[in-house]
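Comments concern the structure below.
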Amino acid sequence: MAAVTRAAQVQTNLAAVEARIVAACQAAGRARAEVTLIGVTKTWPASDVAILRDLGVVDVAENRDQEAADKVTQVDGVHWHFVGAVQTNKATSVASYADVVHAVDRVRLVRALGSGAQKAGRLVRVLIQVSLDGDPARGGAAPPDVPALAEQVARTAGLDLGGLMAVAPLAQDAGRSFARLAAFSAQLRATHPTASWISAGMSSDLEAAVQNGATHLRVGTAILGVRPPLRR
Ligand SMILES: *Cc1c(COP(=O)(O)O)cnc(C)c1O
């Protein structure tokens with residue numbers, strides 16, 4: 001009974017998010033098929049991942065290695081995205097299950113993910129996180145460092161350069177932030193035409209992301225509800 005209720009609740013929330021995406025695509029003159037919705041399932045149980053999958057959301061994201069590694073063993077039939085900061089010593093683990101790692105921002109991490117992917121015999125898609133507010137504490141590579149990092153990913157066996165990712169800085173207009181990200185993406189594609197993914201937009205700013213060319217939206221709260229507080 002509780003499970004049925006949860007599935008119904010998620011279905012209702014998902015329909016509302018889907019309507020927002022469709023409207024944003026229409027407003028931007030883009031096809032809905034250009035945008036992939038990733039359900040951010042961090043802190044929620046593996047059963048929620050299964051609910052999303054059964055509702056057609058086959059891309060899901062986690063941000064902590066231990067929690068993700070645990071869920072991966074419980075649910076199949078989804079693509080696993082890792083959207084959190086990756087500690088270098090967790091790179092081997094993350095590379096063993098993640099299909100896409102979104103927040104790559106330094107050369108050491110590129111090397112560690114590459115060796116982990118090779119060890120696991122996998123190809124891991126990597127997005128370079130771009131810092132849009134110049135605050136290194138919040139993660140992301142400074143824009144001038146992105147081209148060299150992209151070269152490094154492209155040259156690393158086991159990794160596939162997918163594109164860019166960013167989180168809009170709180171203090172700035174999301175639309176302007178995502179417009180900057182789109183410009184960085186255009187620069188990157190000039191030398192790496194297949195690195196076309198732009199991971200941007202969350203529950204509160206997905207419209208601004210779609211307006212500015214995002215190909216992947218990372219949405220948690222609007223689909224699954226307000227997360228329970230993190231236990232550390
Ligand atoms: C948690 C998280 C999200 C989802 O944010 P919501 O506001 O819950 O939609 C997106 N991206 C990253 C990197 C996250 O850590």
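The values are calculated or read from the model by the stated rules, or taken from the named source; none is laboratory data. This one's a predicted model, so the numbers in the text were calculated from it and none came from an experiment. Quick reminder, even Gly has a Cβ in these numbers, built from the backbone with ideal geometry, and neighbours come from all protein chains shown.
Data for the structure
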{"item": "Residue within region 3-10 that is at pLDDT below 95, among the small types (G, A, S) and either surrounded by fewer than 15 Cβ atoms within 10 Å (Cβ to Cβ) or under 19 Å from G213 (Cα atoms) (or both) present", "result": "yes"}
{"item": "Filtered residues of region 45-57 (kept if within 16 Å of the ligand (Cβ to nearest atom), β-branched (V, I, T) and not in a loop (DSSP other than H, G, I, E, B))", "result": "V49"}
{"item": "Of all residues in region 28-42 being within 14 Å of the ligand (Cβ to nearest atom) and not in a strand (DSSP E or B), the one that is surrounded by the fewest Cβ atoms within 10 Å (Cβ to Cβ)", "result": "K42"}
{"item": "So V104, is it of a type in the set (V, I, T), more than 16 Å from V86 (Cβ to Cβ) and buried (at least 17 other Cβ atoms within 10 Å of the Cβ)", "result": "no"}
{"item": "Entirely in region 134-232, the helices (runs of 4 or more DSSP H) that have 1 or more residues that are within 16 Å of the ligand (Cβ to nearest atom) and touching a residue at least 40 places away in the same chain (Cβ under 8 Å)", "result": "174-191, 206-211, 221-224"}
{"item": "Residue list for region 1-27, filter: within 16 Å of the ligand (Cβ to nearest atom), closer than 24 Å to A68 by Cβ and out of contact with any strand residue (DSSP E or B) (no Cβ under 7 Å at 6 or more places or on another chain)", "result": "Q9, V10, N13, L14"}
{"item": "Among the residues listed as T191, T215, T156, the single one being surrounded by fewer than 15 Cβ atoms within 10 Å (Cβ to Cβ) and modelled with pLDDT of 95 or more", "result": "T191"}
{"item": "Looking only at region 114-125, and only at residues there that are of a type in the set (A, V, I, L, M, F, W, C) and surrounded by 17 or more Cβ atoms within 10 Å (Cβ to Cβ), the one that is nearest to the ligand (Cβ to nearest atom)", "result": "V124"}
{"item": "Condition met for L217 (within 21 Å of L109 (Cα to Cα) and in contact with a strand residue (DSSP E or B) (Cβ under 8 Å, 6 or more places away or on another chain))", "result": "no"}
{"item": "Identity of the residue in region 30-48, small (G, A, S) and free of Cβ contacts under 8 Å to residues at least 12 places away in the same chain, that ends up farthest from V78 (Cα to Cα)", "result": "A31"}
